[in-house]
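Following: one structure in structure tokens, then a few remarks.
The values are calculated or read from the model by the stated rules, or taken from the named source; none is laboratory data. These numbers come from a predicted model, not from an experiment. Note: ideal-geometry Cβ built from the backbone for every residue, glycine included; neighbour counts use all protein chains shown. Side chains are part of the model used for accessible areas, which takes the heavy atoms of the whole protein and leaves out ligands, DNA and RNA. Shrake-Rupley method; radii C 1.70, N 1.55, O 1.52, S 1.80 Å.
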Amino acid sequence: MANFLVVLLFVGCFLVDSSVALRLSSRLVHRFSDEAKALWKSRNGNASGKFWPRRNSLKYFETLKDYDLKRRRLKIGSKYEVIFPSEGNEVVFFGNEFDWLHYTWIDIGTPSVSFLVALDAGSDLLWVPCDCIQCAPLSASHYSSLDRDLSAYNPALSNTSQYLSCSHQLCAWSTTCKSPDDPCTYKRDYYTDNTSTSGFMIEDKLHLASFSKHGTQRLLQASVVLGCGRKQSGYYLDGAAPDGVMGLGPGNISVPTLLAKAGLVRNTFSLCFDNNGSGRILFGDNGPATQQTTQFLPLFGEFDAYFVEVESFCVGSSCLQKSGFHALVDSGSSFTYLPTEIYKKIVFEFDKQVKLNATRIILQEFPWNYCYNSSSLESSYIPSMKLVFPLNQSFIHDPVYTLPDSQGYKLFCLTLEETDDDYGVIGQNLMAGYRLVFDRENLQLGWSKSKCLDINHGEADHAKPPSNDGSPTALPTDGHLSPPNRISAQAQKKVNLLDGS
């Protein structure tokens, strides 16, 4: 019972004499006491029987036992070392050169239905097209290489689905609630050319799999909260995410959060994008002991998004003065974006180094401003980029797109982009070739070079090429650069306050 005591900080401060500073006392209040219930009602307006069972009733003791089991599970450790979507932990490259989003197949509901969801560490919500009013086309014939139609979710056809009501603890953000029994609605804006999704919140089963140390696979299910996306707009109608998005952010409705709260895995996950365009996703992955790490940054004491501090930016061997900035780590962003002043310093240094043996050219069909032509494939020099984090941790990459089949010439473009925001965005083009671990338990980002092998092959010195099994290789886009999804509205407000805007 002591496990379910909450502390109300009624603090008495007594000055005894000059040799004694303060004596503090705190009164303990039982989780289901009348006093705690009254306090809850004063703050939240109601206290439903679902959360406040009658004292000494059967429901009362069942609830206490359930809390005991949850706490014991946290103490003992996670049930599985790592888990991943039941269709496999493969992350698939589906964009063309100008839309580098990555996707994975997941199964939802009973009986299960498969969805091809885009992976986005910059948002929290898992949503899929559902009872559509305005959705992207789902027919395979609409896309260039899909070998099967995409799916829409129908809650009425799943035996395990249930609508969230406005009284549910995960429905705090809904603005349409008029009574506790109303269905919980949502709308998510992604700060990108009117890109949004809206609909109802549903609870259903996500189908997962795990591998034991002996290589045997086990299937399991976990309850998750998802958006029944009835209406989409902007880039979601142009093919960026026609079958939904899995938000992997730190919020309380994201899939990693719900899996960790259920005690299935540690509160971590990893994304790995190899240089061939495919990759892996693993829930509960801590990464190798040799990985480099840097701490996540809070916004006003809360971790609403995966922000890190970049102390300096290096071009080749030149580390630039006053080139530090805060950056959002966002797998839903195709490219990497730098604040204006930092961007100007980087491209100036890059241009200075490259022009020693290459000529800057304008390629009107490309969205990048810094493109070059080198007449000699052997002598062309392209400096690498290095992001330096606190404690001298570093992240090295080559954010250059080289045009194929240039007939003896080497044409390449710098794919870094400029943003008006005061923070940068580390996107997928800098993540390629790395295994990124989002360690939410220790509030840090880890990274290590990787070839992104499947979980049952271990980590990776002898990687296999991506399988050619007839899977689709490209989704159509509108031909423009895919901008970042950006952070949630709540986190954006905090950033604005920090910046004084």
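Taking all protein chains in place and a 1.4 Å probe, what share, in percent, of the accessible surface of the range 178-295 do carbon and sulfur account for?
So the carbon and sulfur contribution to the accessible surface is 46 percent.
Compute the distance in nm between two label points, each set 7 Å from the Cα along the Cα-to-Cβ direction, one at residue 317 and one at residue 403.
Computed distance between label sites residue 317 and residue 403 equals 3.1 nm.
Using the heavy atoms of the protein chains and a 1.4 angstrom probe, tell me the accessible area per residue for the range 252-327 in square angstrom.
Per residue, the range 252-327 has an accessible area of 38 Å².
Can you flag which of 187/449; 345/451; 322/355; 322/451; 187/261 are past 30 Å Cα-Cα?
187/449; 345/451; 322/451
Per residue, how many Å² of accessible area does the range 339-441 show with a 1.4 Å probe? Kindly include the intermediate steps, with their values, before the conclusion.
On the way: 4860 Å² over 103 residues.
Averaged over the residues of the range 339-441, the accessible area is 47 Å².
For residue 102, enumerate residues with amide H under 5 Å from its amide H, sequence gap 5+ or separate chain, H modeled in the peptide plane.
Here the answer is 119, since their amide H atoms fall under 5 Å of that of residue 102.
List the residues whose amide H sits under 5 Å from the amide H of residue 165, counting only those 5 or more places along or on another chain, with H placed 1.01 Å from N in the peptide plane.
Close amide H contacts, sequence-distant or interchain: 184.
Does a label point 7 Å from the Cα of residue 356, set along Cα-to-beta-carbon, have any residues of the range 385-403 with amide nitrogen under 16 Å, and which are they?
Within reach of a label on residue 356: 385.
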